[in-house]
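Colleague: I am attaching a structure below and will ask some questions about it afterwards.
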Amino acid sequence: MKEVTVEELQGMIDRNEDFQLIDVREPFEYEVSNLDGVNIPLAGIVIEADKVSKDKPVIIHCRSGKRSAQAVMLLEQQGFDNLSNLAGGILAWKEEIDPDMDVY
């Protein structure tokens, strides 16, 4: 499974790269803090796979990296080959990029 660090993600954002960011946490978690990604909770990721881009890189994240790793595996079983997991999730983002971000 491909992984992207929070520093690599920040660089992609800074360079205005064309990619899709998907947050597989629950809506209440997304409301606390998010990185402006599309919110598709893990339980619905296969059902809503049509919302996942197939023609550009997709980075999937959650709170710590575990649920997003599951999402990547589930979507790869559906034929996706353009996915990366955000290593450490939003907790790593808070630690390395945005210490003022609210997390739970």
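Colleague: Subtract the Cα-Cα distance of V32 and M12 from 0.36 nm times their separation in residues, and report this length gain in nm to one decimal. Write down the numbers at each step before the final one.
Modeller: Details: separation 20, 0.36 × 20 = 7.20 nm, distance 2.34 nm.
Taking 0.36 nm per residue and subtracting the Cα distance, the gain is 4.9 nm.
Colleague: Additional query: Which of P27, P57, P41 ends up with the largest GNM mean-square fluctuation for the chain, with Cα atoms connected below 10 Å?
Modeller: Between P27, P57, P41, it is P27 that shows the largest mean-square fluctuation.
Colleague: Next up: Between the DSSP loop rule and a limit of at most 16 other Cβ atoms within 10 Å, which trypsin sites (Lys or Arg not before Pro) in the stretch 1-66 are left? Mind showing how you got there, number by number?
Modeller: Numbers: sites: K2, R15, R25, K51, K54, R63, K66; in loops: K2, R15, R25, K54, R63.
Counting only loop positions with at most 16 other Cβ atoms within 10 Å, the trypsin sites (Lys or Arg not before Pro) in the stretch 1-66 are K2, R15, K54.
Colleague: Can you tell me the accessible area per residue over the stretch 1-77, all protein chains present, probe 1.4 angstrom, in square angstrom?
Modeller: 55
Colleague: What is the Rg over Rh value, at two decimals, for the chain, using alpha-carbon atoms and the Kirkwood definition of Rh?
Modeller: 0.93
The values are calculated or read from the model by the stated rules, or taken from the named source; none is laboratory data. All figures in this text were calculated on a predicted structure; none of them were measured in a lab. Heads up, the Cβs are rebuilt from the backbone with ideal geometry, glycines too, and the neighbour counts pull from every protein chain shown. Side chains included, ligands, DNA and RNA excluded: accessible areas come from the protein's heavy atoms. Shrake-Rupley method; radii C 1.70, N 1.55, O 1.52, S 1.80 Å.
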